[in-house]
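Structure first, commentary second.
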Amino acid sequence: MSYEFEIADCIRMTHSSLIRDYSNTVCGYDDGINLTIGQPDFHTPDRIKKAAEEAIEKNFTQYTDDEGLLELREAEAKYMKKSIHAIYDPSGEILVTCGATQGLDAVIRTVCQKGMEVLLPAPIYCGYDPIIRFAGSVPKYFDTSKNDFEISGEMLDHAYTTYTRCLLLASPNNPTGSIMTENEMNDIVQWLLKHPDVFVISDEIYADLTFHGNHLSLASVPALHDRVIVISGVSKAYAMTGWRIGFVCAPRKLITEIYKVHQNEVSCAASISQFAALEALQSDVEPKKMCSEYEKRSVFLYHALRKLGFDVVKPEGAFYLFPSIRKFGMSSELFANCLMKEMHVGVVPGSAFSKYGEGFIRISTAASMEDLQECVSRLKVFLKQLERKENGNITDVYESGENSKYLQELNLSRSMGVPFRRR
Ligand code: PLP
């Protein structure tokens, strides 16, 4: 039976995650180095796992309040006050969600009417696009790649239309590793003050993985507080991606509406995971340790990539580097595919993060130092191979397109039996 006409258009036209595809492919090699997925390589700290075990022992296995355990919302309120000096009432201004992802979904469904536009500074995390489309809204990307991934008021002016409903920001950023600077924040604030009808969705899932200084958030600006919706969670900083706990913090009027989506789509987040997250928020010792490890790795990889001749912006947070591969005259997908096939190193093509990510690759530092060192050694060999194949001129061979024998050999989608999809 053909299902073609019964599946909703917005679902049919959405591809599964390109990042997953690359990760699955590299896992197929015994000696593969997987630098694809944004997943901490640390284990969830023992005290957190113990709290979950205790919750099971005590039979805390039923639905919680739909908005989440009150103690957990209180802990999140405390965290928000401490980290960004923003005050949220645990009763009515905070929701516990199934990871940041479900929080984003509930928020976007709530604030975006059909046909409205969501401004996305790009390159940007590829998880937003389908959520926005599922809500019937339109992702409106604008390019930050030529400005070292910093947003300016001018860029926002160009991207804004009468359909603009909200601005979605992520700091620290995936895939670039950059953070919102003070200057940038001032520019954005000034612009928002001129556009009182624009909401801000501030994805702060990597807030605790800020390498230097304080994490900056628009939610701490009093003049904007009533229209900034903060998304956060324990997935990244506490190595808890599988527990699926996130938070939405926003003014009461907004949470009242977002709650309706949340309640009807999931009822509540998993009770056991909520007890684990409650324990997580009791201490920031582990996030600090992990953050310092990610920083060490980022600094190592940043310098190693520069030594190899890559142009790369120094990351200030999260666990990604986003070097340019433009000088090699290949598309980001071809570069990633060649690196996979030749060297068994998995990275993500920048094109996965919108068209403005083309010309870059994303390398995750959520991997051991040994793996990163091995990645650098293999990259060195890979670049030498490219040079040899080109006789010094890399661009010509790759631009000869589908007729190139080398390109055909590298047609991973056929030879590896894994569907490579673009999005
Ligand atoms: N936001 C950003 C910027 C991310 O990079 C990710 C995951 O990679 C998420 C949200 C999803 O977070 P969670 O696993 O808590 O749903």
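Readers should treat all values here as calculations from the given coordinates under stated rules, not as data from a laboratory. These numbers come from a predicted model, not from an experiment. For neighbour counting, all protein chains shown are included, and Cβ atoms are generated from backbone atoms with ideal geometry for every residue, glycine included.
Between the Cα long axis of helix 369-390 and the first principal axis of the chain there is an angle of about 40°, rounded to the nearest 10.
With the charge dipole of the chain set up from +1 on Lys and Arg Cβ and -1 on Asp and Glu Cβ about the Cα centre, the Cα lying farthest toward the positive end among the listed residues Val230, Asn24, Met290 is that of Asn24.
With an a/c value of 1.5 or above and a/b not larger than b/c for the gyration tensor axes a ≥ b ≥ c computed over the alpha-carbon atoms, segment 34-103 is described as oblate. Here Lys307, Lys236 are placed in order of increasing Cβ neighbour count within 10 Å, fewest first, which gives Lys307, Lys236. Specify the inter-centroid distance of segment 5-28 and segment 182-261, based on alpha-carbon positions, in whole Å. Segment 5-28 and segment 182-261 have Cα centres spaced 28 Å from each other. Think of the chain as having a plus end and a minus end, set by charges on the Cβ of Lys, Arg, Asp and Glu; of Pro175, Ala269, Leu308, Leu308 sits farthest toward the positive end of this dipole.
When the C-alpha to C-alpha distance is required to be over 21 Å, the pairs from Lys341/Lys389; Lys82/Lys314; Lys114/Lys146; Lys49/Lys289; Lys81/Lys194 that qualify are Lys82/Lys314; Lys114/Lys146; Lys81/Lys194. Between the Cα long axis of helix 285-307 and the first principal axis of the chain there is an angle of about 20°, rounded to the nearest 10. When only the Cβ of Lys, Arg, Asp and Glu is charged (+1, +1, -1, -1), the dipole of the chain relative to its Cα centre reaches about 600 debye. A Cα-only calculation for segment 197-307 places Rg and Dmax at 16.7, 52 Å. Compute the distance from the alpha-carbon center of segment 328-348 to that of segment 102-146, in whole Å. Here the answer is 28 Å between Cα centres. Count Lys and Arg as plus one, Asp and Glu as minus one, and take only other residues whose Cβ is under 13 Å from that of Gly153; the net charge is then -4.
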